[in-house]
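Inspection log for the structure reproduced underneath, given as structure tokens.
The values are calculated or read from the model by the stated rules, or taken from the named source; none is laboratory data. Quick caveat: nothing in here was measured; it's all calculated off a predicted structure. When we count neighbours, we look across all protein chains shown, and the Cβ atoms used for this are built from the backbone with ideal geometry, even at glycine.
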Amino acid sequence: MYKTLPTAGPARPSASEANEAIRHLVETGVDSEWPSEAYEFLLGEWAAGSRAEVGSAAL
């Protein structure tokens, strides 16, 4: 997983890649504290990837 949050930019993950990262985050757990910042970041990446996939399918 990420040691630090990757910077946003043109090389964003696809929705499925972001979804896999979210699954990994949830499945591995992090001690007893929920990594809310990482989760919110990954949700944003998933949303961006989903919009890109829907937008390209509409063309």
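Data overview
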quantity	calculated
Those residues of segment 11-34 which are at pLDDT 85 or above and assigned to a loop (DSSP other than H, G, I, E, B), in sequence order	14
Inter-residue pairs, beta-carbon under 8 Å, first over 17 Å from residue 20 (Cβ atoms) and in segment 31-45, second part of a loop (DSSP other than H, G, I, E, B) and modelled with pLDDT under 85, 6+ apart	37/5
